[in-house]
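Everything below concerns the one structure shown next.
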Amino acid sequence: MKKHIDKLHKIAHQRSRKIIGLMSGTSLDGLDIAVCNVEGSGTDTALTLEKFTTVPYDEDFRNEIRKVFAKREIDFQQLCLLNPYIGIRHGQMILDCLENWNIPMTNIDLIASHGQTVFHAPKKQHKLTGFPNATLQIGDGDHIAVKTNIITLSDFRQKHIAAGGEGAPLAVYGDYFLFSKKGENRILLNMGGIANFTFLPANQDAEVVFTTDTGPGNTLLDAYTRRFFHKPYDKDGEIAASGKVNAVLLEELKSLSFFKLPYPKTTGPEVFNFNYVESAIQKSKLTSLTRQDIIATLTALSADTISDAIRNVMDTGEAFTIYASGGGAHNAVLMARIRENLSATVKLIDELGISGDAKEAVLFAVLANEAIAGTDSFFGEKDGVPGVSMGKISFPG
Ligand SMILES: Nc1ncnc2c1ncn2[C@@H]1O[C@H](COP(=O)(O)OP(=O)(O)OP(=O)(O)O)[C@@H](O)[C@H]1O
Ligand SMILES: CC(=O)N[C@H]1[C@@H]2OC[C@@H](O2)[C@@H](O)[C@@H]1O[C@H](C)C(=O)O
C-alpha cells in the first residue's frame with residue numbers, strides 16, 4: 001500500500017529516527033529492548049540510547065525454544081508454531097515496555113528485530129557439498145509489526161549470507177559507525193553465549209576493519225552451572241574462582257577442529273555444547289574432576305580462545321585497547337585471564353557511552369537505520385563484511 005511506502009519515505013528523510021533495537025541471543029536469557037534516537041547514518045551516525053531493559057524469558061518460554069534450539073532433529077510443528085509465537089511475544093514485550101516508560105507507540109518510527117537464532121550452519125561446519133552457508137532466525141517480523149503497529153525490519157542475516165558472508169558477526173557495522181576512533185586501535189569484544197570481536201584500526205580504514213567469532217563465551221559455563229549448581233550462570237565467576245584449571249582437559253578442549261580453522265569464522269551452540277565437553281572429559285580420562293575445576297577450565301577455554309583470536313589480528317606489536325561487552329564482561333575470572341593473556345588494557349564498552357548489556361540491541365537499530373536512511377558502505381573485498389543493506393521490511397497493515 002502506498003501509504004506505508006510514503007510513511008517509510010518520510011522516516012528515511014527525517015533528521016532523526018526513533019528506532020527500537022531488539023536482541024535475543026544464544027543465552028536465551030531474555031529479550032534486550034533498546035530505544036534509540038538515531039541521527040545521520042554511516043560514520044556520521046549519532047546515537048543516543050534513551051531506554052534499555054532486558055525482559056527476562058520465563059522458564060516455560062525458554063523451554064519451548066529449547067525444544068528446537070541448536071538441535072539437528074526436532075518436531076517440525078514446534079518450529080512452525082514458534083515462528084509466529086516468538087514474534088507475538090516479542091511484540092507484546094515491546095508494548096508493555098513502552099507503556100511502563102510512558103512512551104506513546106506513535107513516537108517510535110521503526111523496530112529492528114534480530115529474532116531468535118535456532119540454528120547456525122556455516123559451510124565450514126556442515127561441509128555438505130553444494131549447500132551454502134546457512135543460519136535461521138525465527139520470530140517473524142510481520143507479527144511484531146501487526147502487534148505493535150510499527151514498521152519492523154527483521155531477519156538481517158540472510159542478506160549477509162547472500163552476499164558471501166556466514167550471516168555473522170553483524171555487530172561490526174555498528175561498531176565501526178559508532179565506536180571507531182582515530183589514533184586508537186580498538187578491539188570491541190562481546191562475550192555472550194558465543195564470543196566475537198571487531199577490530200577497529202587506529203587509522204579508521206574501513207578496509208582493515210575485521211570481525212570474527214572466537215568460540216564459546218558463556219554458553220558452556222551456563223550449561224554446566226545449570227547442571228551442577230542449579231543456577232542460571234556463574235555469577236561474577238565465583239565458582240570458577242573456587243576451582244583450578246585442569247591443563248589436560250583444557251588442551252583436549254582446544255584440540256577441536258573449529259579452533260584450527262582460519263579466521264574469520266562463526267559458530268554456535270550446535271558445536272559448543274554438552275557433548276563436546278563430555279567427550280573431552282572422557283578422552284582425557286578425568287572423570288573425577290571436581291565440578292568447580294570443570295567450570296574453572298571452561299572459563300579458561302573461553303578466555304584463551306578469545307585471546308588467541310585477538311593475538312592473530314594484533315600481531316603487529318602495536319598497542320590496542322579492548323572494550324568488553326555482553327554478559328561475560330561481568331565474569332571477573334574470565335576478564336582477568338584475558339587481561340593476563342594479552343597484557344592489554346581491558347575496559348568496559350560502557351566507557352564509550354553505551355551500556356555493554358545494551359550494545360547488541362543498539363547495533364541492530366543501527367543496521368535498520370542504515371537500511372532505511374544509509375548510503376553505500378564499503379569494507380573492502382575481505383571475507384565477512386560485505387557492504388550490503390540488511391533487514392526485511394514488514395508493514396503493520
Ligand atoms: N554477573 C554476571 N556474572 C557472570 N556472568 C554473567 C553475569 N551476568 C550475565 N552473565 C552471563 O552473560 C550471559 C548473557 O549474556 P548476553 O545477554 O550478552 O548473551 P546473548 O546475547 O544471549 O548471547 P550471544 O551474544 O551469543 O547471542 C548469561 O547467560 C551469563 O552467562
Ligand atoms: C547466528 C547468530 O545468531 N550468531 C550470533 C551469536 O552470538 C554471538 C555470535 O554468535 C555472533 O556471531 C552473533 O551475534 C552477534 C550479535 C553478531 O552478529 O554480531
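The values are calculated or read from the model by the stated rules, or taken from the named source; none is laboratory data. Keep in mind that what you see is a predicted model, and the values were worked out from it rather than measured. As a convention, Cβ positions derive from the backbone with ideal geometry for all residues, glycine included, and neighbour counts pool all protein chains shown. Heavy atoms of the whole protein, side chains included, go into the accessibility calculation; ligands, DNA and RNA do not. Shrake-Rupley method; radii C 1.70, N 1.55, O 1.52, S 1.80 Å.
Report whether or not Glu318 is surrounded by fewer than 16 Cβ atoms within 10 Å (Cβ to Cβ), charged (D, E, K, R) and in a helix (DSSP H, G or I).
Numbers: surrounded by fewer than 16 Cβ atoms within 10 Å (Cβ to Cβ): yes; charged (D, E, K, R): yes; in a helix (DSSP H, G or I): no.
No.
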Review point. If we keep just the residues of the range 258-285 that are within 16 Å of Ala247 (Cα to Cα) and assigned to a loop (DSSP other than H, G, I, E, B), which is least open to solvent (accessible area, probe 1.4 Å)?
Key: Ser284
Exercise for review: Output the qualifying pairs, or none if there are none: Cβ atoms under 8 angstrom, residues six or more apart or on different chains, first residue in the range 206-219 and on the phi > 0 side of the Ramachandran plot, second residue open to solvent by 20 Å² or more (accessible area, probe 1.4 Å) and more than 14 Å from ligand 1 (Cβ to nearest atom).
Suggested key: Gly215/Phe259
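Please go through the range 99-117 and give me each residue that is surrounded by fewer than 22 Cβ atoms within 10 Å (Cβ to Cβ) and not charged (D, E, K, R), ordered by number. Quick ask: steps written out before the conclusion?
Initially, the range 99-117 is screened for residues surrounded by fewer than 22 Cβ atoms within 10 Å (Cβ to Cβ), giving 99-108.
Correct list: Asn100, Trp101, Asn102, Ile103, Pro104, Met105, Thr106, Asn107, Ile108.
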Study note, to complete from the structure: By residue number, the members of the range 1-56 that are in a loop (DSSP other than H, G, I, E, B), within 16 Å of ligand 1 (Cβ to nearest atom) and of a type outside the set (D, E, K, R) are Gly25, Thr26, Ser27, Leu28
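Have a look at Thr148, Thr225, Thr214 and point out the one that is in contact with a strand residue (DSSP E or B) (Cβ under 7 Å, 6 or more places away or on another chain) and not assigned by TED's automatic domain parsing to the domain that holds Gly380.
Details: Thr148 fails: not assigned by TED's automatic domain parsing to the domain that holds Gly380; Thr225 fails: in contact with a strand residue (DSSP E or B) (Cβ under 7 Å, 6 or more places away or on another chain).
Checking each option against the conditions leaves just Thr214.
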Review point. If you scan the range 188-227, which residues turn out to be more than 16 Å from ligand 2 (Cβ to nearest atom), over 13 Å from Val313 (Cβ atoms) and not hydrophobic (A, V, I, L, M, F, W, C)?
Key: Asn203, Gln204, Asp205, Glu207, Tyr224, Thr225, Arg226, Arg227
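Rundown of residues vs (1) over 30 Å from Ala12 (Cα atoms); (2) outside the structural domain of Leu110 (by TED's automatic domain parsing); (3) within 16 Å of ligand 2 (Cβ to nearest atom); (4) in a loop (DSSP other than H, G, I, E, B), yes/no style:
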| position | (1), (2), (3), (4) |
| --- | --- |
| Tyr323 | yes, yes, yes, no |
| Met335 | yes, yes, no, no |
| Ile338 | yes, yes, no, no |
| Leu363 | no, no, yes, no |
| Ala368 | no, no, yes, no |
| Gly380 | no, no, no, yes |
| Val385 | no, no, yes, yes |
| Ser389 | no, no, yes, yes |
Study note, to complete from the structure: Residue hits (the range 312-368; of a type in the set (Asp, Glu), within 14 Å of ligand 1 (Cβ to nearest atom) and over 16 Å from Tyr176 (Cβ atoms)) are Asp350, Asp357
Review point. Can we say Lys283 is within 30 Å of Phe179 (Cα to Cα), basic (Lys, Arg) and out of contact with any Leu (no Cβ under 6 Å at 6 or more places or on another chain)?
Key: no
Practice item. Within the range 156-201, count every residue that is within 16 Å of ligand 1 (Cβ to nearest atom), among the β-branched types (Val, Ile, Thr) and open to solvent by 10 Å² or more (accessible area, probe 1.4 Å). Key: 1
Exercise for review: Considering every residue within the range 74-88, establish whether at least one is under 20 Å from the mean Cα position of the chain (by Cα), assigned by TED's automatic domain parsing to the domain that holds Thr375 and within 16 Å of ligand 1 (Cβ to nearest atom).
Suggested key: yes
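Could you list, in sequence order, all residues of the range 225-238 that are away from ligand 1 (no atom under 11 Å from the Cβ) and open to solvent by less than 10 Å² (accessible area, probe 1.4 Å)?
Initially, the range 225-238 is screened for residues away from ligand 1 (no atom under 11 Å from the Cβ), giving 227-230.
Within the range 225-238, none qualify.
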**Study point:** Matching residues in the range 57-84 - criterion: being part of a helix (DSSP H, G or I) and open to solvent by 70 Å² or more (accessible area, probe 1.4 Å)
**Key:** Glu59, Asp60, Phe76, Gln77, Cys80, Leu81
Review point. Just one of the numbered conditions (1) within 15 Å of Met23 (Cα to Cα); (2) in contact with a Phe, Trp or Tyr (Cβ under 7 Å, 6 or more places away or on another chain) is not true of Gly91; which one?
Key: (2)
Practice item. Go through the range 25-52 and give me each residue that's open to solvent by 70 Å² or more (accessible area, probe 1.4 Å) and touching a Lys or Arg at 6+ places or on another chain (Cβ under 9 Å). Key: Asp29, Glu50
Review point. Which pairs do you get when a residue that is touching a residue at least 60 places away in the same chain (Cβ under 8 Å), found in the range 346-364, comes within reach of a residue that is part of a loop (DSSP other than H, G, I, E, B) and not polar (S, T, N, Q), reach meaning Cβ atoms under 6 angstrom, with the pair 6+ apart or on two chains?
Key: Ile349/Gly356; Val362/Ile354
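Name every residue in the range 13-24 that is open to solvent by 20 Å² or more (accessible area, probe 1.4 Å) and closer than 29 Å to Val55 by Cβ, in order of residue number. Give the steps one after another, and end with the answer.
Taking the range 13-24 and keeping what is open to solvent by 20 Å² or more (accessible area, probe 1.4 Å), we get 13-16, 18.
Gln14, Ser16, Lys18, listed by residue number.
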Review point. Name the pairs: first residue in the range 51-70 and in the same structural domain as Leu81 (by TED's automatic domain parsing), second residue surrounded by fewer than 17 Cβ atoms within 10 Å (Cβ to Cβ) and of a type in the set (Gly, Ala, Ser), Cβ to Cβ under 9 Å, at least 6 apart or on different chains?
Key: Phe52/Ser355
